[in-house]
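Below is one structure, written out as structure tokens; comments come after it.
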Amino acid sequence: CALGNFLLEARSAGWEAIGLEPSPYAAGYCREQHRLLVETGTLETVSLPPAAFDGVYMSEVLEHLADPCGSLERIWGLLRPGGALVLTTPNLTGLGTQLLGSQSVIFRPSEHLVLYSKSALLKALRLAGFRVLSVRTRNLLLSGFARLLRRPASGVFLPARDPAYRRTFHFLYH
């Protein structure tokens with residue numbers, strides 16, 4: 001849940017929100033600064049009751065997990081009947097990746113352990129029990145093209161942390 005921005009929005013909309021955060025610093029910040037209910041750990045390390053959640057939101061998380069398919073199955077078990085999973089993840093076959101190739105910021109082997117094409121992600125979700133209700137991608141922003149023009153004379157491209165040009169899948173499952 002990082003520093004709790006989504007949890008703050010959910011709480012202000014009237015939801016009872018619980019966060020999972022592997023970083024003790026970030027989890028502590030959420031608890032101390034915002035009085036949010038945040039567990040320090042991951043899906044694999046924190047005990048959560050089965051079929052107890054109406055929704056799970058994962059933003060840019062799946063690609064960091066050592067066992068994403070196992071995590072999807074665990075999430076399926078945490079959802080009540082009719083519950084939803086909303087997630088975002090980098091698009092391996094998106095336009096930004098096609099334009100930048102191996103220079104794309106999604107290729108960070110030490111951070112992004114698994115990258116998905118649309119078809120591979122849909123298959124993983126269906127195998128975990130999910131039914132896809134919606135798939136959307138963000139548009140490629142012009143700042144991405146501007147970044148292509150900022151290559152140093154040596155030809156080495158040093159991507160900034162700004163993921164503006166990266167297309168991302170948005171999924172809603174039931």
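Looking across the range 58-76, the residues that are assigned to a helix (DSSP H, G or I), surrounded by 15 or more Cβ atoms within 10 Å (Cβ to Cβ) and of a type outside the set (A, V, I, L, M) come down to 63, 64, 68, 69, 71, 73, 74, 76.
Here residue 25 fulfils each of the conditions (1) closer than 26 Å to residue 131 by Cβ; (2) part of a helix (DSSP H, G or I); (3) open to solvent by 90 Å² or more (accessible area, probe 1.4 Å); (4) hydroxyl-bearing (Ser, Thr, Tyr) apart from (1). Where the second residue is of a type in the set (S, T, N, Q) and surrounded by 15 or more Cβ atoms within 10 Å (Cβ to Cβ) and the first is closer than 21 Å to residue 62 by Cβ and lies in the range 4-25, which pairs have Cβ atoms under 9 Å and are six or more apart or on separate chains? Matching pairs, first to second residue: 6/59; 20/40; 20/42; 21/40; 21/42; 22/40; 22/42; 23/40.
Might you let me know whether the range 92-100 holds any residue that is out of contact with any strand residue (DSSP E or B) (no Cβ under 6 Å at 6 or more places or on another chain) and either closer than 23 Å to residue 2 by Cα or of a type in the set (Ser, Thr, Tyr) (or both)? So far as the range 92-100 goes, yes, one or more of its residues are out of contact with any strand residue (DSSP E or B) (no Cβ under 6 Å at 6 or more places or on another chain) and either closer than 23 Å to residue 2 by Cα or of a type in the set (Ser, Thr, Tyr) (or both). Of all the residues that make up the range 86-119, how many are under 12 Å from residue 63 (Cβ atoms) and touching a residue at least 24 places away in the same chain (Cβ under 8 Å)? Of the residues in the range 86-119, 14 are under 12 Å from residue 63 (Cβ atoms) and touching a residue at least 24 places away in the same chain (Cβ under 8 Å).
Taking only pairs six or more apart or across chains, which ones have beta-carbon atoms under 7 Å, a first residue in the range 42-68 that is farther than 18 Å from residue 129 by Cα and touching a residue at least 40 places away in the same chain (Cβ under 8 Å), and a second residue that is open to solvent by 50 Å² or more (accessible area, probe 1.4 Å) and among the aliphatic types (A, V, I, L, M)? Going by the 7 Å Cβ cut-off, the qualifying pairs are 63/113; 64/113; 65/113; 66/113.
Summed over the range 28-52, the residues that are under 16 Å from residue 85 (Cα atoms) and open to solvent by 40 Å² or more (accessible area, probe 1.4 Å) give a count of 2. Screening 55, 83 for residues that are farther than 15 Å from residue 1 by Cα and in a strand (DSSP E or B) leaves exactly one candidate, 83. Of the helices (runs of 4 or more DSSP H) lying entirely inside the range 89-174, those containing at least 3 residues that are open to solvent by less than 50 Å² (accessible area, probe 1.4 Å) and modelled with pLDDT under 50 span 142-148.
The values are calculated or read from the model by the stated rules, or taken from the named source; none is laboratory data. Only a predicted model underlies this, so the values are computations on that prediction, with no experimental measurement involved. Because the Cβ atoms are built from the backbone with ideal geometry, glycine has one as well, and the counts that use them run over all protein chains shown. Protein only, heavy atoms only, side chains kept; ligands, DNA and RNA dropped before computing areas. Shrake-Rupley method; radii C 1.70, N 1.55, O 1.52, S 1.80 Å.
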